[in-house]
Amino acid sequence: MTSTSETPAAAPFSRIEIRTGALVFCGDDVALIRRDRAGSTHYTPPGGNVEHGEDLEAALARELAEELDLNVGQAEGGDLMWVVDQRVTRPGPTPPPRKLHLIYRFHITPELRATLAETEQDELPDGSHETGVIEWIDYRKTAELPIFPPIGPTLAALPDSRAAVTDAALGAVTDDNYTWV
């Protein structure tokens, strides 16, 4: 008797990815990347996935250099503000990962801001690129923006851009409270 063994399909959220991102403030303005897609526009803090074996601080520095041309050594801060646990089903054949978003905070001067990138190229899985536009938005006006992870209301509620954060854990993002765009 011969048997065939099939590899079971990976279950959704059976693997974990870590994404480092940053809220880079210049006064009351915060840098967000606007991505325009067919039928939708969304914003995201600059950042990206931590590569296998990569240190969190190194990943964050790499991503900010790639997306904003920012050398974190020229910025003030670097404190962890928020952690967002994402378990959202998304379109495509690959089972979605559970993703932990680690969101840090930096402050820069207007002089440094003037030297930063205005667009960034995000490489897609097929090797093509999606262009994102760097927008500087008054953080108090982010509550209604389509930001992912959905930190807009919490960000807008800060009394000022340097306010202490007493609870770094934001609510989980799940299929019950978020629809992938």
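No value in this document is a laboratory result; all are computed from the given coordinates. Everything numeric in this text was worked out from a predicted model, so none of it was measured. Note: ideal-geometry Cβ built from the backbone for every residue, glycine included; neighbour counts use all protein chains shown.
Provide the convex hull volume over Cα atoms per residue for region 92-140, in Å³. Display every interim value, and only then the final one.
Values: hull volume 7.0 nm³, N = 49.
Dividing the Cα hull volume of region 92-140 by its residues yields 142 Å³.
Taking θ = phi - 60°, what integer Hz values does the Karplus form 6.51 cos²θ - 1.76 cosθ + 1.60 yield along region 98-112, in sequence order, with x for Gly and Pro?
Values per residue, Gly and Pro as x: 7, 10, 9, 9, 9, 10, 9, 10, 10, 10, 10, 8, x, 5, 5 Hz.
Run the dipole for the chain about the Cα centre, Lys and Arg Cβ at +1, Asp and Glu Cβ at -1, nothing else charged, and hand back the magnitude in debye, nearest 20.
520
Measure of size requested: the Rg and Dmax of region 23-70, with Cα atoms as the atom set and Å as the unit; please supply both.
12.7, 37
Could you please report the charge total around Ala168, scoring K, R as +1 and D, E as -1 over all other residues with beta-carbon less than 12 angstrom from its beta-carbon?
Charge balance near Ala168 sits at -2.
Amide H of Val50: which non-local residues (sequence gap of 5 or more, or other chain) have their own amide H closer than 5 Å, using H built in the peptide plane?
Ile18, Arg19, Thr20
What FRET efficiency comes out for Asp55 versus Asp167 if R0 is 30 angstrom and r is the Cβ-Cβ distance? Round to the nearest 0.05.
It comes out at approximately 0.75.
Karplus couplings for region 24-35 from phi (6.51 cos²θ - 1.76 cosθ + 1.60, θ = phi - 60°), rounded to Hz, Gly and Pro as x?
So the J values, rounded to whole Hz, are 9, 9, 10, x, 8, 8, 10, 7, 10, 9, 9, 10.
Over region 31-126, with a single point scatterer placed on each C-alpha, what log10 of the ratio I(q)/I(0) does the Debye formula yield at q = 0.17 1/Å?
-0.91
According to a simple spin-label model (label point 7 Å from Cα along Cα-to-Cβ), what is the distance in nm between Val83 and Glu123?
Simple spin-label model gives 2.9 nm for this pair.
Computed over the Cα atoms of the chain, what is the convex hull's projected area averaged over all directions, in nm²? It would help to have the intermediate numbers written out before the result.
On the way: hull surface 52.3 nm².
Orientation-averaged projected area of the Cα hull: 13.1 nm².
Counting DSSP beta bridges in the chain, what percent are antiparallel, to the nearest 5?
For the chain, the DSSP antiparallel bridge percentage is about 70.
Compute the angle between helix 56-68 and the longest alpha-carbon principal axis of the chain, please, reported from 0 to 90 degrees and rounded to the nearest 10.
Tilt of helix 56-68: around 70 degrees.
Would you tally the net charge around Leu80, using a Cβ to Cβ cut-off of less than 11 Å, leaving Leu80 out, and scoring K and R as +1, D and E as -1?
Net local charge, Leu80 excluded: -1.
Using just the helices of the chain, give the 222 nm mean residue ellipticity in deg cm²/dmol: DSSP H runs with n ≥ 4 each add -39,500 (n - 2.57), and the total is spread over all residues, rounded to 500.
After summing the helix terms and dividing by the residues of the chain, the value is -3000 deg cm²/dmol.
Once label points are set 7 Å from the Cα along Cα→Cβ at both Asp28 and Lys141, what is their separation, rounded to one decimal in nm?
For Asp28 paired with Lys141, the spin-label model returns 1.0 nm.
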